[in-house]
1. Expected output is a single nm value to one decimal: the length gained when fully extending between R67 and S30, i.e. 0.36 nm times separation in residues minus the C-alpha distance. What is it?
2. Hey, if we sort F29, F47 by accessible area with the 1.4 Å probe, largest down, what's the order?
3. Under a Cβ-only charge scheme (Lys and Arg +1, Asp and Glu -1), can you give me the dipole magnitude of the chain about the Cα centre, in debye to the nearest 20?
4. For R19, what accessible area in Å² do you get when you roll a 1.4 Å probe over the heavy atoms of the protein chains, rounding to the nearest 10?
5. Say each of Q82 and R43 gets a label point 7 Å from the Cα, pointing the same way as Cα to Cβ; how far apart are those two points in nm?
6. On full extension of the chain, what length is gained from W57 through I100, given 0.36 nm per residue of separation minus the C-alpha to C-alpha distance?
7. Using only the heavy atoms of the protein chains and a 1.4 Å probe, how would T78, T69 rank by accessible area, largest first?
8. Cα to Cα, under 25 Å, and not fewer than 8 places away if on the same chain: which lysines meet these conditions relative to K76?
Amino acid sequence: QVQLVESGGGLVQAGGSLRLSCAASGRTFSNYAMGWFRQAPGREREFVGAISGNGLWKSYGDSVKGRFTISKDAAKNTVYLQMSSLKPEDTATYYCAAAITLATIESGNGIDYWGKGTLVTVSS
């Protein structure tokens, strides 16, 4: 059974940092692009960042560029999202996603696998 399990969410003060992890199991994801989305209550899902299967290509949503960094550990089948300079508007549930191409992740359509999410709360 394929699973994406997020961890690392929690409560942090504005200006602080958190690192989210997404552990993939049930298959090898070396050929899959993986990424992160977030959704705050009452708002639409937002693309946060993505990394290609080989780790060479990365992309980020405009609202997090320069503050968030995505990386992967292929040996651990795990993707990370390092979040810095956090703002209250970053408060949301963060979801991990996997798809064959980076473009698919970026579009948010046709995602093959989703995690169940981890909550990040940034206090002012």
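The values are calculated or read from the model by the stated rules, or taken from the named source; none is laboratory data. In this text the structure is predicted, and so the values were computed from the model without any measurement. Cβ sites come from the backbone with ideal geometry, for glycine too, and all protein chains shown count toward neighbours. For accessibility, only protein heavy atoms count, side chains too; no ligands or nucleic acids. Shrake-Rupley method; radii C 1.70, N 1.55, O 1.52, S 1.80 Å.
1. Using 0.36 nm per residue and subtracting the Cα-Cα distance, I get 10.8 nm.
2. The most accessible residue leads, giving F47, F29.
3. 200 debye
4. That residue has around 130 Å² of solvent-accessible surface.
5. Those two pseudo-labels are separated by 2.4 nm.
6. 14.1 nm
7. Putting T78, T69 in descending order of accessible area: T69, T78.
8. K58, K116
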